[in-house]
Amino acid sequence: MLSTLIKSFSRSTPSLAGAQYRAYSRQMPMMYPILLSSTWIVAYVHTDIAPLWLTVAIPALFTAACVLRMLHWLKAYETIPSPEEAAKAFRATMLLAPIIASSFTVWSFLLFSYGTPYTKSYLAFYMANTVVVCIFCLMHVREAALIVTLIVNGAFIGFFAWAGQPTFLAMALNTALVSIGMLVVLSINYDDFARRIAAEADASAKQTEQARLMRMIDDMPVAVMTADPIDFKITYLNDASRKLLRRIEHLLPIDAEAMIGASIDIFHLVPDRQRRLLSDPTRLPHRIRINLGNEVLDLNASAIHADDGNYLGPMLTWAIVTSEVEAEKKIRYLAHHDALTGLANRVTLNDALLKLTSDALTPGALLLIDLDGFKVINDTLGHKFGDELLVAVAKRLSEPCDRHSAVIARQGGDEFAIVLTNVSTSQCDTITSDILTRLSEPFVLERKRVAQIGASIGVALFPKHATSAEEVMVRADMALYVAKTAGKGGVRYFTTEMQDEFVAANRLENELRIALSSGKGLSIFYQPIIDLRHRKVVSREALARWYHDELGWVSPATFIVAAERSDLILKLGHHVLHEACREAMSWDGGETVAVNISASQMGRSELLSVVRSALDQSGLPPERLELEITETALLRNEAASVAELEQIRALGVRISLDDFGTGYSSLAHLRLFPFDKIKIDGSFVRDALDRADCASIVAAVIDLGNRLGVATVAEGVETLAHFNLMQDLGCHQVQGYLLGRPSA
Ligand code: C2E
Ligand code: MG
Ligand code: MG
């Protein structure tokens, strides 16, 4: 039983064990003097009737033992024991309590036999009373009190009941009842004590936890603030909050240090809404941004509830997010604007188109604008000037739209778009012609450089031409394509014919793809080029031909353009180059073969390997191959194209500048690359007969060729008159129907 009790004690919580220790360490020193003084009185009363060892020796022994214990407890008085010390003290008490109780009881019974009826009554009184004191002193070690009660009172009741004397029997009965009552009271008291200690321990643990939490909140890198939900006064600020408040102190009506107790309204111009929100926990959590001077505060208000669910008030975690807001703004701006010009970008353009087409009752238009000549300026003056020019163009585009609801966007490169809302066709006409006029005026750039460009515009009207955003875009694009191919500086409105042509072009593209895969219908014709001095064919130009079962002969002007629109031109170019080299190998006269190279084939780092493989596979000497390049092709990706041509030329292949006189016709381009031949465009040659200015330009080109050591070829020589004129002007070679049509 004892061990069970000890275990139960050791199972008690450390806080209860400590509290028990402190309580009974205060009472124990009091128990021993009472016990001893009563014992000595009993001994004295028996001095004459009991032997000396019982009246002096044993009490002296008791005294020594009790004094030792008393000193022990006096030392322990008010100390705070460790859980181990408390357990040890308990174990000692549990061992000593039965020993002391039994010793005193046995001593009392030994004296009893010597006593008179009075002393016997006194002895019974001594036992019954003293045990009460001991029990009360031991009340905080309930188990020890119980053991003492059982030993002393058990023996008392048993002994006096056995004695058979009616008075003692009554005493025994009395003592038994008192013992039961005492034990009940003691037990109740002990439970209350244990509960109180548990509650205190709980409260103390909570307090520690709260203090820890407060420390954590205080030290948190997030700013925390709490406010009273009734008067909205600030009740708490953590360190981070104080720091932030010091940063914005100049924007607040009170000092950062005086914030506790101040109204939270200081953050708001119109605090009513805020108050309504913070006083109603059902509306929390809620995130708000407040503009305070030039700073932006981000507040996250959440509700703090007590354990019973009562709303204690709002807790605000907050931060100064001014720089984040600015960054957000910037990101949002960049996501919707073109970084260079500040105009809208594709995303915004698309949004504007969706908005326009969402209301069929409001007419609008999409203008797609492509700059003419921008690429040359960008390539010749450099990208810095190119960028400057684009910014200036953006400005000029805005002016004609000033009085209209317009979204002006840069689509990329030199392509711009304008979505006009609520405009009539005539207003659209005015705007487009205004744009063309403004863009055709010279641009004076940095370092007084002057740039002259133009623009082509394609227009689709909503809802007249198209009803969805996508359709408006596709149709304006068709109109732009037509405007561009029709020549520079033009405006084209979408027409159904364009749509038909577009469908036809798509079909053509598909058919050409099939022809290229099967090789069916494709062939190459050759047209001779005659050397005027030696009067013999020195070269033959390879010209692609396509015969379609349903469409008949399709003009190269049509299918080459279709091929260039897609990547089919690469496959076609590859095919012609290989075939031409292979066939040239069968020519007896050792003439060179001239192969046309499209702009789309240039600057892709593919041409060199195609040329190499065509020469390798056919066995044609490189000197017998000529490539014809147009000015436009050269300028599209100038640096890469020139580098590519240089590598091809290094193989021994010759390079001709085709169709000179069309395109940009800039003599400067002749210096970009050391061409082996200049082919003067046929239209130019034809006009030279009737127009002196054309004749003099042809003469100038021939003269320049002579001076640069470059051969000149006149294309489109159809008549003898052309032939004679070219001969008179000193042209080196001629090509045209007069001398031979392209043939298989
Ligand atoms: P191009 O390179 O300037 O070729 C000369 C064009 O002038 C050929 O037209 C030829 O038939 C035509 N021509 C020659 N002599 C005369 C003449 O006396 N009078 C007239 N009116 N025309 C003459 P074609 O074959 O219709 O080719 C047109 C253009 O298509 C070519 O112009 C060339 O740029 C392109 N082309 C033809 N074949 C190919 C090819 O295989 N690859 C590439 N990339 N382009 C090609
Ligand atoms: Mg040619
Ligand atoms: Mg030509």
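The values are calculated or read from the model by the stated rules, or taken from the named source; none is laboratory data. Predicted, not measured: the structure shown is a model, and the values here were computed from it. Virtual Cβ from ideal backbone geometry, glycine too; neighbours counted across all protein chains shown. Surface accessibility is based on the protein's heavy atoms, side chains included, excluding ligands, DNA and RNA. Shrake-Rupley method; radii C 1.70, N 1.55, O 1.52, S 1.80 Å.
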For the chain, the charge dipole (Cβ of Lys, Arg +1; Cβ of Asp, Glu -1; about the Cα centre) points to a positive end, and the Cα of 172, 18, 73 closest to that extreme belongs to 172
With -39,500 (n - 2.57) per DSSP H segment of 4 or more residues and division by the full residue count of the chain, the 222 nm estimate, nearest 500 deg cm²/dmol, is -18500 deg cm²/dmol
Taking the dipole about the Cα centre of the chain, with the C-beta of Lys and Arg at +1 and of Asp and Glu at -1, give me whichever of 99, 620, 637 is farthest to the positive side. 99
Largest first and rounded to whole Å, the semi-axes √(5λ) derived from the alpha carbon gyration tensor of segment 346-394 read 33, 11, 8
Whose amide H sits under 5 Å from the amide H of residue 678, counting only residues 5 or more places off or on another chain, with H placed in the peptide plane? 657, 711, 712, 713
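Order 157, 569, 331, most accessible first, counting only protein heavy atoms with a 1.4 angstrom probe. Let's see the in-between values first.
Working: 157 50, 569 5, 331 115 Å².
From most accessible down to least: 331, 157, 569.
Which sequence of 196, 686 reflects their accessible areas, 1.4 Å probe, from the largest down? Kindly include the intermediate steps, with their values, before the conclusion.
Numbers: 196 120, 686 90 Å².
Listed by decreasing accessible area, they come as 196, 686.
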Over all directions, the average projected area of the alpha-carbon convex hull for segment 538-611 comes to how many nm²? 5.8
Per the Kirkwood definition applied to all pairs of different Cα atoms, how many angstroms is the hydrodynamic radius of the chain? 37.9
Any idea how far the Cα center of segment 183-231 sits from the one of segment 268-292, in Å? 32
Kindly report, to the nearest 10 Å², the accessible surface of residue 514 as traced by a 1.4 Å probe over protein heavy atoms only. 100
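Any idea what diffusion coefficient segment 357-484 gets from Stokes-Einstein, in µm²/s, Kirkwood Rh on alpha carbon pairs, 4 °C, 1.567 mPa s? Let's see the in-between values first.
On the way: Rh = 15.0 Å.
For the chosen part, D equals 86 µm²/s.
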The local net charge around residue 496, scoring Lys/Arg +1 and Asp/Glu -1 for residues other than residue 496 whose Cβ lies under 14 Å from its Cβ, equals -1
Per-residue HN-Hα couplings for segment 126-140, Karplus 6.51 cos²θ - 1.76 cosθ + 1.60 at θ = phi - 60°, whole Hz, x for Gly and Pro? 4, 5, 5, 6, 4, 4, 4, 4, 4, 4, 5, 5, 8, 4, 7
Segment 137-287: equivalent-ellipsoid semi-axes (sqrt of 5 x gyration tensor eigenvalues, Cα, Å): 69, 16, 11
For segment 155-212, what mean projected area does the convex hull of the alpha carbons give, in nm²? 4.5
In the chain the accessible area split gives carbon plus sulfur, as whole percent at 1.4 Å, a share of 58
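Counting Lys and Arg as +1 and Asp and Glu as -1, what is the net charge of the other residues whose Cβ lies under 10 Å from the Cβ of residue 712? Write out the running numbers ahead of the final one.
Values: positive: 677, 679; negative: 703.
Around residue 712, the surrounding residues sum to +1.
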If each K or R counts +1 and each D or E counts -1, the residues other than residue 427 whose Cβ falls under 13 Å of its Cβ total -2
From phi via Karplus (6.51, -1.76, 1.60), per-residue ³J(HN,Hα) for segment 545-560 in Hz, x at Gly/Pro: 10, 9, 10, 10, 3, 9, 7, x, 6, 9, 5, x, 4, 8, 7, 5
Check which residues have an amide H placed less than 5 Å from residue 493's amide H, if you skip close sequence neighbours. 459
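Explain nothing, just the number: relative contact order of segment 1-137, from Cα pairs under 8 Å at least 6 residues apart, as a whole percent.
Numbers: 95 pairs, mean separation 56.4, N = 137.
The value is 41 percent.
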Quick check: residue separation of residue 218 and residue 721 times 0.36 nm, minus the Cα distance between them. What number comes out in nm? 171.0 nm
Please work out the Cα center distance from segment 344-412 to segment 464-505, rounded to the nearest Å. 17
How would you rank 421-432, 312-323, highest first, on the average number of other Cβ atoms within 10 Å across their residues? 312-323, 421-432
The chain: relative contact order from alpha carbon pairs under 8 Å, six or more residues apart, as a whole percent, is 6
Taking every C-alpha to C-alpha distance in segment 469-567 and binning by 10 Å from 0, the per-bin percentages run 13, 34, 25, 19, 7, 2, 0
Within straight cross-link reach of residue 384, meaning Cα distance under 12 Å, which aspartates and glutamates are found once same-chain residues fewer than 8 apart are removed? 446
Heavy-atom accessible area of residue 568, protein chains in place, probe 1.4 angstrom, given in Å² to nearest 10, is 10
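With viscosity set to 1.567 mPa s at 4 °C, what whole-number translational diffusion coefficient in µm²/s follows for segment 29-91 from Stokes-Einstein and a Kirkwood radius over Cα pairs? If you can, show how the numbers build up before the last one.
Values: Rh = 13.3 Å.
Rounded, D is 97 µm²/s.
Roughly how many Å² is the accessible area per residue of the chain, as a whole number, for a 1.4 Å probe?
Working: 36860 Å² over 744 residues.
Using a 1.4 Å probe on heavy atoms only, each residue of the chain averages 50 Å².
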Pairs of Cα atoms under 8 Å, at least six residues apart: use those to get the relative contact order of segment 164-247, whole percent. 17
When the Karplus curve 6.51 cos²θ - 1.76 cosθ + 1.60 is applied with θ = phi - 60°, which whole-Hz ³J(HN,Hα) does each residue of segment 404-417 get, with x for Gly and Pro? 10, 7, 9, 10, 9, 10, 9, 7, x, x, 10, 10, 10, 9
What number does segment 639-728 give for Rg over Rh if you use C-alpha atoms and the Kirkwood radius? 1.01
Of 342, 327, 311, whose Cα points farthest to the positive end of the dipole of segment 294-344 (charges on the beta-carbon: +1 Lys, Arg; -1 Asp, Glu; origin at the Cα centre)? 342
Efficiency by 1/(1 + (r/R0)^6): what FRET value for residue 326 and residue 362, r their Cβ-Cβ distance, R0 = 45 Å, to the nearest 0.05? 0.80
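Return an integer: the convex hull volume of the alpha-carbon atoms of segment 103-222, in Å³ per residue.
Given the Cα convex hull of segment 103-222, per-residue volume reads 93 Å³.
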Using only Cα atoms, find the angle between the long axis of helix 14-45 and the longest principal axis of the chain, and express it within 0 to 90 degrees, rounded to the nearest 10. 10
When all protein chains stay in place, what accessible area (Å², nearest 10, 1.4 Å probe) is found for residue 236? 40
Take the residue pairs 484/571; 75/206; 330/448 and return only those whose Cα atoms are more than 28 Å apart. 75/206; 330/448
Between 0 and 90 degrees, rounded to the nearest ten: what's the tilt of helix 58-76 against the longest Cα principal axis of the chain? 30
